[in-house]
Amino acid sequence: LKTIPLKLDEHFSLIDKTGNIWSATFNKGIYVLPKGKENVRLLAENKKIQQLNLIDSTLYAGVFKEGYFKISEHLKPIVINDKFQYGISNIPALQSLFFSSKDALFRLKDKELKELDILQRTCKFNALARKLIYNEGYLYGNNTFGINKINPQDFTIVKHYQFYGVT
């Protein structure tokens, strides 16, 4: 069994279906430990990796103050955003990936990326959802003030459940 070297100082890791280990760090980038090899490769050198998600055999990274990227041999930009990246949500029922940041929510569907109109006149930040889940025909998203039940057709809030500190 391959182990992650302590000197990498990673904060989360995952193993892909081929056995490669991917490790993210807060300020050094992404380390790749290929299956069957001892040498470590570095991707996204000196980047602050906020998330590392494996979705349908594709690896995605959220990079602080840069946006979201698809990872292969290098980083391919999907969303360029100079804010804090909240999370990536895969919603198979809607055939969509959602990329959430401090002031925006993007939907990737059928290879088309669209920024959703979510900012309220009174809010200058993303109060709709940091991460999304799908249940019984509705999206549910957490924010600073609780959970929103969201209509998946027009992304309006159907109901708000007030809870502080929900993740």
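Below, the figures for the structure above:
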item: For the range 1-85, projected area of the alpha-carbon convex hull averaged over all directions, nm²; result: 5.3
item: Gained length - Asn39 relative to Asp117, 0.36 nm times residue gap less alpha-carbon distance; result: 23.6 nm
item: Dipole magnitude (debye, nearest 20) for the range 58-148, charges at Cβ of Lys, Arg, Asp, Glu; result: 160
item: Estimated dipole of the chain in Debye, rounded to 20 [Cβ of Lys and Arg +1, of Asp and Glu -1, Cα centre]; result: 200
item: Sites Ile15 and Glu136 - FRET efficiency at Förster radius 45 Å, r taken between beta-carbons, to 0.05; result: 0.90
item: Average accessible area per residue (Å²) across the range 27-72 - probe 1.4 Å, nucleic acids and ligands excluded; result: 52
item: Contact order normalised by residue count of the range 69-148, Cα under 8 Å, 6+ apart, percent; result: 20
item: Extreme residue, positive dipole direction of the chain, given options Val63, Phe155, Phe26 (C-beta unit charges); result: Phe26
item: Of all accessible heavy-atom area on the range 1-142, the percent that carbon and sulfur account for (1.4 Å); result: 49
item: Diffusion constant of the chain at 4 °C, which comes from Stokes-Einstein with the Kirkwood Cα-pair radius and 1.567 mPa s, µm²/s; result: 77
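The values are calculated or read from the model by the stated rules, or taken from the named source; none is laboratory data. Please read these numbers as outputs of a predicted model, since none were measured by experiment. All Cβ positions, glycine included, derive from the backbone under ideal geometry; neighbour counts span all protein chains shown. When the accessible area is computed, the model is the full protein with side chains, heavy atoms only, and any ligands, DNA or RNA have been set aside. Shrake-Rupley method; radii C 1.70, N 1.55, O 1.52, S 1.80 Å.
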